[in-house]
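Remarks on the structure that follows.
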Amino acid sequence: MPFYWALLLALVLCGSPASFAEPPDTQPYYQWGRGMSWPNANFNLGGYFNILDNPPSNRQGNQLKLDELSLFLTWSPHQRLHFFSEVELDEWLSTAKIANINNALRAERLYVDILASEATTVRIGKFLTPVGRWNIIHAAPLTWTATRPLVTDEFSFSSHLNGAMLTQRLQFNDNNVAVMVYADNSSKMDVFDNSTLGFDTALGGRVNFESDRSWQIGLSYINFSNLLTPKLQRNDLLGVDFLWKKNGYEVMAEAIYRHTGDSQGQEHGFYLQAVAPLAEKFFAVGRYEYLQGTHHFVATDDHIGVAGLAWRPYVPLVIKAEYQFGAVHDSFAPSGFFASIAMLF
Amino acid sequence: MAKRILALALALNVASASADELLVITGLDEPKANLNRKQLENIFLRKSLINNNGVGWIPLNLPPDNPLRVAFSETLLKLPPNILEAYWNEQYFNGISPPHVLASEEAVIRFVSTTPGAIGYILPCHLDKRVKVLVNLPTVHLLKNLCQ
């Protein structure tokens, strides 16, 4: 019942589709799903929230929680400079408890992009690790399910880097190729973050090929040590990912192989997710995952399935409902019913 | 005299034959740029944020239900405006806003003619001396009836 009250409240707060009215040229304006903009100052304030209803690992019934409340701040003081920050309240409010706000508050991202040329960008600061696809678009309003594939979670690789990244975009006929190389020194550079997971140091790269014909393929590699175990051997992780979209249909897949020589072990796995449009703005979603090896020091050999529906009545809003046929280890991927309301504002 | 009449006839013929195309325009002071289709696409998808001179690109759109906007989006970006909203959701997550939207071609011409880096699109029949053509973009959409 509380979930449905939350849904009703979100729909009331959303306003009507008329909120998409086009803005004046230079006056500050708000656009639903695109934030508040001050064009003369090249400044934008926005964000998103995610309300999640999920089965906790202690099997004591579902709990409703404000899973994420993120605030974006974008500022371009110069044509070649682009500042971005995301501050998040993570798992702060739930029907089970209200967490300490100091523990819930995190600087999720904080970086500056320096546009060295038309096709070359240098990024400095804290940003999402460019391994695979899910991690760089993991915000709840952008994904099709309330649950996250195991091969993309923070026990496989840290979701954030603290350091510098160089991106070069190349063009071959009608195709874009992006090449990224980066270096991380999180142990010395991490911005305000209460998470205990993360890199100690890391070095890696990614190549993404974007065809003109609706599909993309990417290759990622990262060599890293973890913050919690800096004295253990370094890990090597190799990833490959694929995305295809057309006429509302979508297929996305990622596979990883992580290896190290000590108790951290090795693991490999993949997921394959498909989306199909149903009636107006309703979509069917299905995902299969497999993970085998040592996942955060726990031996795993798990097959996971997710089947659900997503409703996108308006561009910034998505309502999801799914059942996860979970892993043997409940803490990684519990079985049960998940639902969420996610919205860009 | 005969040569002048022939030249005029050819010009009129070219003008009427080019009615089903869009003109991508910039200000008169903008440096000449030879942009291919992919480069133009990258500008309007905000993947390319500055030009080779370090000036920020300011791409402009018409309202999403404007036939010219639909034609431009389907011709250059191969998707209608409403389908591209999912792409702009992802860009918003990365701090990138979609192109500014102006209400009319006249508003586009005024903005482009006075703003460095601005780039927009209009019909050939609305072209005037305030702006210059960067790229001619042929389209399968029938747009002649929009010329008034």
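The values are calculated or read from the model by the stated rules, or taken from the named source; none is laboratory data. This is a predicted model, so every value here is computed, not measured. Virtual Cβ from ideal backbone geometry, glycine too; neighbours counted across all protein chains shown.
Is it true that some residue in the stretch B:123-131 is within 25 Å of A:Asn44 (Cβ to Cβ) and either crowded, with 16+ Cβ neighbours inside 10 Å or of a type outside the set (Asp, Glu) (or both)? Looking through the stretch B:123-131, none of the residues is within 25 Å of A:Asn44 (Cβ to Cβ) and either crowded, with 16+ Cβ neighbours inside 10 Å or of a type outside the set (Asp, Glu) (or both). All told, B:Leu77 meets the bar of being touching a helix residue (DSSP H, G or I) at 6+ places or on another chain (Cβ under 7 Å) and at negative phi. Just one of the listed residues (A:Gly293, A:Gly265, A:Gly261) is outside any strand (DSSP E or B), without any contact (Cβ under 8 Å) to a residue 60 or more places away in the chain and within 15 Å of A:Phe155 (Cα to Cα), namely A:Gly265. The set of residues from the stretch A:213-244 being among the β-branched types (Val, Ile, Thr) and buried (at least 19 other Cβ atoms within 10 Å of the Cβ) comprises just one member, A:Ile222. A search for C-beta distances below 6 Å between a residue of the stretch A:111-125 that is in contact (Cβ under 8 Å) with a residue 60 or more places away in the chain and any residue that is of a type in the set (Ser, Thr, Tyr), counting only pairs 6+ apart in sequence or on different chains, returns A:Gly125/A:Tyr111. Restricting the stretch A:77-88 to residues that are more than 8 Å from every other protein chain (Cβ to nearest Cβ) and either buried (at least 21 other Cβ atoms within 10 Å of the Cβ) or in contact with an Asp or Glu (Cβ under 7 Å, 6 or more places away or on another chain) (or both), which is farthest from B:Gly95 (Cα to Cα)? Filtering the stretch A:77-88 for residues that are more than 8 Å from every other protein chain (Cβ to nearest Cβ) and either buried (at least 21 other Cβ atoms within 10 Å of the Cβ) or in contact with an Asp or Glu (Cβ under 7 Å, 6 or more places away or on another chain) (or both), the one farthest from B:Gly95 (Cα to Cα) comes out as A:Glu88. The selection criterion, being more than 14 Å from chain B (Cβ to nearest Cβ), surrounded by fewer than 15 Cβ atoms within 10 Å (Cβ to Cβ) and modelled with pLDDT under 90, does not hold for A:Phe172.
Looking at the stretch B:44-64, which of its residues are more than 7 Å from chain A (Cβ to nearest Cβ), assigned to a strand (DSSP E or B) and either farther than 12 Å from B:Thr26 by Cβ or over 16 Å from the mean Cα position of the chain (by Cα) (or both)? Passing the criteria: only B:Asn61. For A:Arg287, the conditions (1) of a type in the set (D, E, K, R); (2) surrounded by 16 or more Cβ atoms within 10 Å (Cβ to Cβ); (3) more than 22 Å from A:Ile137 (Cα to Cα) are fulfilled apart from (3). What are the residues in the stretch B:88-102 that are modelled with pLDDT under 95, over 13 Å from B:Pro64 (Cα atoms) and either surrounded by fewer than 16 Cβ atoms within 10 Å (Cβ to Cβ) or more than 7 Å from chain A (Cβ to nearest Cβ) (or both), if any? None - no residue of the stretch B:88-102 is modelled with pLDDT under 95, over 13 Å from B:Pro64 (Cα atoms) and either surrounded by fewer than 16 Cβ atoms within 10 Å (Cβ to Cβ) or more than 7 Å from chain A (Cβ to nearest Cβ) (or both), so the list stays empty.
Report, by residue number, each residue of the stretch B:65-87 that is polar (S, T, N, Q) and more than 9 Å from chain A (Cβ to nearest Cβ). Result: B:Asn66, B:Ser73, B:Thr75. Annotation: of all residues in the stretch A:107-136 being outside any strand (DSSP E or B) and polar (S, T, N, Q), the one that is farthest from A:Ser76 (Cα to Cα) is A:Asn135.
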